[in-house]
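S.K.: Below is one structure. I have some questions about it.
The values are calculated or read from the model by the stated rules, or taken from the named source; none is laboratory data. A quick note: this is a predicted structure, and the numbers were derived from the prediction, not measured. Cβ placement follows ideal geometry from the backbone for every residue including glycine, while neighbour counts extend to all protein chains displayed. Heads up: the accessible areas ignore ligands, DNA and RNA and are worked out on the full protein's heavy atoms, side chains in. Shrake-Rupley method; radii C 1.70, N 1.55, O 1.52, S 1.80 Å.
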Amino acid sequence: MIAVVLLGLAGQLPAQGKDSSSVIAARRMVAGISLAAKEYRNGVPAAGGRITAPEEVAEARLFLDQAEKDVATLPDSLREPVGVLVAGLRASLDRTAAPAPDSVAQWADVIVKRVAAAFGDALNPYPAVPPSVARGQAVFQQQCASCHGLAGRGDGPAGRGLIPPPADLADRAAMRTVTPIDVYRKVTIGVPGTAMPRFDGTLTDADRWAVTAYVATLSPDAKLVAAFATVRVRLDSAVAHRSADQAFDAYLAFEQVETEVRARNAPLAGQLEEEFANLRTRAAAGAPPAELAGIHRQILSRLERAEREVADRDSRTNLFLESLGITLREGFEAILIIGALMAFLAKAGAVERRRDVAWGAWLAVLASLATFAGVELLFEVTSNQREALEGWTMLLATLVLFYVSYWLLSKIEADKWTSFVRGKVTSALSSGSRWALAGVAFLAVYREGFETILFYKALLSGGSTSGVAAVVAGLAVGCLGLVLIYLAINLFGMRLPLRPFFAVTGGLLYYMAFVFAGKGIAELQNAGVVGMRPVEWGPRLPALGIYPTAQSMWAQGALLALALVAVVWTMVRRGRPAHPGGPARPA
């Protein structure tokens, strides 16, 4: 009701021509009114009217005092009607029962819109070009650091003994509700009741915006993941309120990480800048909610890609352990198969056929090296589609990892493993062909080699230099471990427990399949092969390949469902009787 009455009154106010002095006064008054409403909300956060921070309400009144002074300098046709509106806001704040913050915000909004309608684009505070953080740092050191300190913590030498003390601009809690437009306005008109002066007469508009951009980098919230979270919150608010001001606040929050995004993906940074500008323009033009929602979705998709570019880093410890696990599992299984083949040949009295096994194994090693070279060549000649190739490689690795982890689960009993190997050797020996036995060895070793190449290629996709070093270190330690295992088996006759081995490696492989599923979809999204629908409530855990998009969450959800089916199926098979009424037999 208040808003309707105020809008009716405001609609009767005449428009006014503009001159430089009246524009400056109008800008100061709009800044004071806006900051008064903002500080009041900080002091009375709930609709019940209970003041929780009296100092914030006191500051709101001081900003309103300053705005009332500027009313007197407005053009004649605005002075009286706007003065009535401002006086009404003052009366509202001076009531014994504090008004709801929403009603104060509505009242302030009516005043701001009325003055803006009279002056048009002349009141637009936004810079024509993005503010320079580097310039802002230089201006901050010259004009602000003496009170606020070089790091913005309010500990500068000139600020000692000031009451109230200079604001701590690096205080995460205090700065959480402060938007860039708030900072710009305070730099422009000062903060009444404090030692904070106004800078509209000493700093150019560009320099005031540059300082605003630099102040945004002082809070810990400006660091990567937190900065992206801030951008999304302000973006949501801008679309919900169809506010050009808040759209620009969201863009300034993005400016905190724009340099890093541009360094890794300049076209993506340029697209985001254009889309933020489009959102601000369309919001200012009163575009319908459906149009703004479409722009919102587009920006969210590109923000997701940008965050992956600059914030996602695989843990070097995780990469080392995964690399070590791949080498030990694939290498140990190859040793186990070849060792079992040799042992069964000795028991069968066919020791001379061991050379066939050796030939098959060495040919498999050469074939694995050739496959590795072929994969690397494929990635080189199709470098323009590298992200898509990496995504498909990860998804193929996911399928193979899932199958192998299930296969190991089904072979978790030692007698099942022994039966598996015995069947392969018996079949090869019965054929009477040396190539059959060599083929068994070749396929057993080449399968491990192909899996190793596939898994390592997926592991290294998109990795940093430090990530590559961790993977290589895991490979080296794994190879050393395989040598020790081989010597222990052949020289000392050590028997390794197969059940724990299969259980642990099966779990490791499934974990890697889960990670690769999420990251594979992410790579295909980056390549534009798969669509991207951000899920704002979704978690972001890059170490687990979990990203807040519907497509990646569906892929990993399907993998979880398949794992549950595989476990249940294995348990059912394990308990199935060999024949009706007979005892249970192993699967």
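S.K.: Using the per-residue mean of other Cβ atoms lying within 10 Å as a proxy for protection, in what order, highest first, do the peptides 65-72, 158-165, 440-447 fall?
M.R.: Highest to lowest by the protection proxy: 440-447, 65-72, 158-165.
S.K.: If R₀ is 60 angstrom, what is the calculated FRET efficiency for the pair V477 and A116, using the beta carbon separation as r and rounding to 0.05?
M.R.: 0.35
S.K.: Work through the residues other than R185 whose Cβ is under 14 Å from its Cβ and net out their charges, Lys, Arg +1 and Asp, Glu -1.
M.R.: After counting each charged neighbour, the total is -2.
S.K.: Leaving out ligands and nucleic acids, and using a 1.4 Å probe, what accessible area per residue does the stretch 63-161 come to in Å²?
M.R.: Accessible surface, normalised per residue, equals 48 Å².
S.K.: May I pose another question? Would you mind checking which residues have amide H under 5 Å from T549's amide H? H placed 1.01 Å from N; only 5 or more apart, or other chain.
M.R.: Placed amide hydrogens put V535 under 5 Å from T549.
S.K.: Give me the net charge of A195's neighbourhood, meaning all other residues with Cβ under 13 Å from the Cβ of A195; Lys, Arg count +1, Asp, Glu -1.
M.R.: Its environment carries a net charge of +3.
S.K.: Report the extension gain between R533 and Q298 in nm, rounded to one decimal, defined as 0.36 nm multiplied by the number of residues separating them, less their alpha carbon distance.
M.R.: 83.7 nm
S.K.: Note down the nm distance, to one decimal, between modelled labels 7 Å out along Cα→Cβ at M571 and at T73.
M.R.: 7.7 nm
S.K.: How much FRET efficiency would the formula 1/(1 + (r/R0)^6) give for A367 and L560, where r is the Cβ-Cβ distance and R0 is 35 Å, rounded to 0.05?
M.R.: Step by step, r from the Cβ atoms, then E = 0.50.
S.K.: Rank by packing, highest mean first: peptides 524-532, 242-250, with packing defined as the count of other Cβ atoms within 10 Å averaged across residues.
M.R.: 242-250, 524-532
S.K.: Which percent of the accessible area of the stretch 145-276 is formed by carbon and sulfur heavy atoms (probe 1.4 angstrom)?
M.R.: It is 58 percent, rounded to a whole number.
S.K.: What FRET efficiency would be calculated for the residue pair T52, R160, taking the C-beta separation as r and a Förster radius of 35 Å, to the nearest 0.05?
M.R.: Once the sixth-power term is evaluated, E becomes 0.75.
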